[in-house]
Amino acid sequence: QVQLVESGGGSVQAGGSLSLSCAASGRTDRNYCMGWFRQAPGKGREGVTLIYTGGGSTYYADSVKGRFTISQDNSKNTLYLQMNSLQPEDTAMYYCAASDSAGGGRCSPHVGLVHYWGQGTQVTVSS
């Protein structure tokens with residue numbers, strides 16, 4: 001059993017920055033992927049960014065490349081997301097997630113691979 005506790009989020013003006021963190025507790029017996037999905041009102045949950053805990057392989061959605069950076073501190077079992085140049089379209093509930101890898105140390109943004117979810121934190125970006 002893994003528990004994911006998110007912190008961060010909030011409201012910022014377009015062009016601003018926010019950072020999120022996700023602390024994982026509980027034992028894991030293999031390497032896996034961690035990251036964030038987000039869900040905007042009226043839309044499905046989409047993968048934002050993921051990182052392979054055993055080797056640092058990352059995935060970024062095209063919409064956030066160059067603006068968001070995912071990182072991890074394995075000693076603290078904590079994940080971080082730095083979000084820069086935020087835009088109104090980034091407004092969503094952001095959910096930390098832990099999932100199976102897609103194989104070969106790769107991470108894939110598929111909801112069906114997720115085994116554990118954080119409670120979510122709201123990110124709101126105003127024009």
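Here are a few things to note about the model shown:
- Scanning segment 50-95 for residues that are without any contact (Cβ under 8 Å) to a residue 40 or more places away in the chain, more than 15 Å from Ala23 (Cα to Cα) and polar (S, T, N, Q) gives Ser63, Thr69.
- Filtered residue count, segment 24-48, keeping only those that are modelled with pLDDT under 95, open to solvent by 30 Å² or more (accessible area, probe 1.4 Å) and either touching a strand residue (DSSP E or B) at 6+ places or on another chain (Cβ under 9 Å) or of a type in the set (Val, Ile, Thr) (or both): 5
- Members of segment 2-43 found to be part of a loop (DSSP other than H, G, I, E, B), within 17 Å of Ser101 (Cα to Cα) and not basic (Lys, Arg), listed by number: Val2, Thr28, Asp29, Asn31, Tyr32
- The strands (runs of 3 or more DSSP E) found wholly in segment 49-111 include none carrying at least 3 residues that are open to solvent by 60 Å² or more (accessible area, probe 1.4 Å) and within 13 Å of Cys33 (Cα to Cα).
- One residue stands out in segment 73-88 among those that are out of contact with any Leu (no Cβ under 9 Å at 6 or more places or on another chain) and at pLDDT 90 or above: the one that is farthest from Val48 (Cα to Cα), namely Thr78.
The values are calculated or read from the model by the stated rules, or taken from the named source; none is laboratory data. These figures come from a predicted structure and were not determined experimentally. Here Cβ is always computed from backbone atoms with ideal geometry, including for glycine, and neighbour counts include all displayed protein chains. SASA here: full protein model, heavy atoms, side chains in, ligands and nucleic acids out. Shrake-Rupley method; radii C 1.70, N 1.55, O 1.52, S 1.80 Å.
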